[in-house]
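What follows is one structure encoded as structure tokens, with my remarks underneath.
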Amino acid sequence: MPEQSNDYRVVVFGAGGVGKSSLVLRFVKGTFRDTYIPTVEDTYRQVISCDKSVCTLQITDTTGSHQFPAMQRLSISKGHAFILVYSITSRQSLEELKPIYQQVLAIKGSTESIPIMLVGNKSDEMAQREVETKEGEAQATAWKCAFMETSAKTNSNVKELFQELLALEKKRDMSLSIDGKRSGKQKRADKLKGKCSVM
Amino acid sequence: IKKAFLKPLALGHSPVAVATETLPMSHVLIERRMELVRVVSHNTHKRMVSCLQGHIGADAEKRHKKLPLTTLSQAMVEGGNQLGEDSLMGKMMEVCGEAENRLASELMLHELQIEKEVLDPLSQLAEVDIPNILKQRKQLAKLVLDYDSARARWLQATKSIISGTNTQALTAKADLLKEEVDEAMNKVELCKVTSIRIFDLYILHPNLLLQWEAQADYHRKSLTVLESVLPAIQAQQDSWTEKPAFGTGLDEHLKRSGREIALPLEACVMMLLETGMKEEGLFRIAAGASKLKKLKAALDCSTSQLEEFYSDPHAVAGALKSYLRELPEPLMTYHLYDEWIQASRQDPDKRLQALWVVCDQLPKNNKTNLRYLVKFLARLAQDSEVNKMTPSNISIVLGPNLLWAKTEGSLAEMAAATSVHVVAIVEPIIQHADWFFPDDVEFNVSGMFAMPTPASNHNNHLDYDCGTIEKKRPGSMVGPESDSVRKDK
């Protein structure tokens, strides 16, 4: 893979319907869609600054609805950093992350040098909360990873999420801002499902 | 025991041989010994009889009938009939019952042989022969005494001839006495011969040896019976324990269960029709792993209760997805894979027709089950305002469980591309379900999962008492129980 040195690949995992695509779309496009469309798999690219130069941040939005072990393994082995998303309105969605974390651990050997963010999304839906912030924190501590609660809907903590993730990477010095402007060269690389994510 | 029997025989011969020089001590000794043998034989016979399970002296058929094994066999066969051949236990009872019957026959034959060749001779010895011998011996002793006294008198007479005067008269007397001696001698000899013959007749040890041989033979034969039955029982067990629907090929599962629609498919569809149609993100939202596992196990053995899963449509949807995913071959088949992909690449105006052509090539079982599923999914999509599951969404989350490339795993990237094509295949089929499959589908195919009350607006009320699956408790399909089972969300 020739572009390996330049691309920085982030993979977003999580159960179906927790808001992976919404988080990624909020971050990449700054929008939130209220439609209900499952994802097959989408990849978004964005140029960021990296070691006083630029590189491509490649975000893979995976499917939460059907896990193909082979595909999951491939995504993990190619990924540099991982965002594990659950919904604070569903305890089950946090449970679903456990096998994924184990899979990351198994393939990467150790997660110490791998940036991982545990994310509790839908923080705006306080009334339906099933997972307390403390529980998310405790899980993150157990996994030795960072933790954050976000809301793609209200744009809470979304940019911070990606900033912190990049800050966790010690091998490169990365930052979201280039020339103070963000969405310069964003594009959809794999436009897997035309009408699904074009807003 | 053998030696104990042999010893008196050895002793028995010699005293008779030397009967003329009667020795009172050995005489008594032998009789004691004889008596001992008789008592031992008598006791052995008695204990041996109590070891038998059949009634001694009865004829073969009667004995066979009264053996505990036979009654066990009959009870098992009868129980098997009551349970029915279509249940594992019923079938097992039948097979085992027949085996027990064969064991009973072996036992009966064995006991008959023991009785004839061991017990009867033993009884003969204890109750007839030894008493006879002892009687004979008493007789012999008496005869020997007679002989001795006759001889003494004769010797006396011979002496008096030498010293006496009336020689002629004395000689005549002596001759007479001599005749008596000879006669007594003859009697002794005769008695001796018969005694010896009696002993010769009863050489006991072969009988006891036979007892062991017969027993060994019996056990060998029983073992043969058991070993011949074992594979049959094993096969029975296997044919029933390997019954899981999950992971079994569609044709095999349908054939084995005598069904038209796969059991997990019908069960899940019927459950979802009842409580899942309004559930947002059905087939998208993940189910609890343990609940899903439990439901899958319940569907596999089809004897467990399913009520508890009503309240968890996501687990039901997850089980259905799992079932489709775990089929050895996808429902839309490997061999039509390329055709499906080709059809999906056609221009939109030709695509439906192309898909229809491929669909028509599906094997009968696959077509029937796909039709059933698609009709259900189309129905689910009718409620998409509530459940958000449009044909497009359904095909995104479920499509990859219906068709996948054989090479998946080694070429994961291709699998990713595949999912996209699959969505383009499945979506139009769900969208145009009534065009692909014009006839209406009755979701309640087997009647196993439906309650026989037509009261509601749709006929998909369920009876989740799984006993009905096994048809063991037909009575359980009736009303009130099922009412409590239904949980409308």
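What the table shows:
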| item | result |
| --- | --- |
| Helices (runs of 4 or more DSSP H) within region B:78-197 that include 2 or more residues crowded, with 17+ Cβ neighbours inside 10 Å and outside the structural domain of B:Val229 (by TED's automatic domain parsing) | none |
| Matching residues, region B:273-289, being surrounded by fewer than 19 Cβ atoms within 10 Å (Cβ to Cβ) and either aliphatic (A, V, I, L, M) or at pLDDT 85 or above (or both) | B:Lys278, B:Glu280, B:Ala289 |
| Whichever residue in region A:11-47 is within 15 Å of the chain's Cα centre (by Cα) and acidic (Asp, Glu) and, among such residues, is surrounded by the most Cβ atoms within 10 Å (Cβ to Cβ) | A:Asp42 |
| Selection count where residues are more than 10 Å from the chain's Cα centre (by Cα), touching a residue at least 12 places away in the same chain (Cβ under 8 Å) and farther than 30 Å from B:Leu208 by Cβ, scope region B:80-114 | 8 |
| Matching residues in region A:147-160 - criterion: being of a type outside the set (Asp, Glu) and either surrounded by 17 or more Cβ atoms within 10 Å (Cβ to Cβ) or within 18 Å of A:Glu125 (Cβ to Cβ) (or both) | A:Phe147, A:Met148, A:Thr150, A:Ser151, A:Ala152, A:Lys153, A:Thr154, A:Asn155, A:Ser156, A:Asn157, A:Val158 |
| Some residue of region A:61-73 being without any contact (Cβ under 8 Å) to a residue 24 or more places away in the chain and more than 10 Å from every other protein chain (Cβ to nearest Cβ) | no |
| Qualifying residue in region B:251-262 (condition: in contact with a helix residue (DSSP H, G or I) (Cβ under 7 Å, 6 or more places away or on another chain), in a helix (DSSP H, G or I) and free of Cβ contacts under 8 Å to residues at least 24 places away in the same chain) | yes |
| Enumeration of residues in region A:109-131 that are part of a loop (DSSP other than H, G, I, E, B), farther than 16 Å from A:Phe13 by Cα and touching a residue at least 24 places away in the same chain (Cβ under 8 Å) | A:Glu112, A:Ser113, A:Ser123, A:Asp124, A:Glu125, A:Arg129, A:Glu130, A:Val131 |
| Failed criterion for B:Lys350 (all others in (1) surrounded by 14 or more Cβ atoms within 10 Å (Cβ to Cβ); (2) not in a loop (DSSP other than H, G, I, E, B) hold) | (1) |
| Test: residue in region A:50-70 that is closer than 30 Å to B:Gly399 by Cα and of a type in the set (D, E, K, R) | yes |
| Criterion (without any contact (Cβ under 8 Å) to a residue 24 or more places away in the chain, more than 30 Å from B:Lys221 (Cβ to Cβ) and among the small types (Gly, Ala, Ser)) met by exactly one of B:Ala152, B:Ala141 | B:Ala152 |
| Residue list for region B:75-130, filter: farther than 30 Å from B:Asp238 by Cβ, modelled with pLDDT under 85 and in contact with a Lys or Arg (Cβ under 7 Å, 6 or more places away or on another chain) | B:Ala126, B:Ile130 |
| Count of region A:74-91 residues which are buried (at least 19 other Cβ atoms within 10 Å of the Cβ), part of a helix (DSSP H, G or I) and either under 12 Å from the mean Cα position of the chain (by Cα) or facing another protein chain (nearest Cβ under 9 Å) (or both) | 1 |
| Extreme residue, nearest to the other protein chains (Cβ to nearest Cβ), among residues of region A:34-60 that are touching a strand residue (DSSP E or B) at 6+ places or on another chain (Cβ under 9 Å), under 30 Å from B:Leu282 (Cα atoms) and hydroxyl-bearing (Ser, Thr, Tyr) | A:Thr39 |
| Total residues in region B:272-286, condition touching a Pro at 6+ places or on another chain (Cβ under 6 Å) and of a type in the set (D, E, K, R) | 2 |
| Selection from region A:135-166 of residues that are within 14 Å of the chain's Cα centre (by Cα) and among the small types (Gly, Ala, Ser) | A:Ala146, A:Ser151, A:Ala152 |
| Qualifying positions in region B:262-289 - farther than 21 Å from B:Asn393 by Cα and under 35 Å from the mean Cα position of the chain (by Cα) | B:Ala262, B:Leu263, B:Pro264, B:Glu266, B:Ala267 |
| Matching option when the condition is of a type in the set (D, E, K, R), within 14 Å of chain A (Cβ to nearest Cβ) and outside any loop (DSSP other than H, G, I, E, B), among B:Glu280, B:Glu385, B:Glu308, B:Glu339 | B:Glu385 |
| Lone unmet requirement of (1) at pLDDT 85 or above; (2) farther than 28 Å from B:Lys406 by Cα; (3) within 14 Å of another protein chain (Cβ to nearest Cβ) for B:Met270 | (3) |
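The values are calculated or read from the model by the stated rules, or taken from the named source; none is laboratory data. Computed from a predicted structure; not experimentally measured. Quick reminder, even Gly has a Cβ in these numbers, built from the backbone with ideal geometry, and neighbours come from all protein chains shown.
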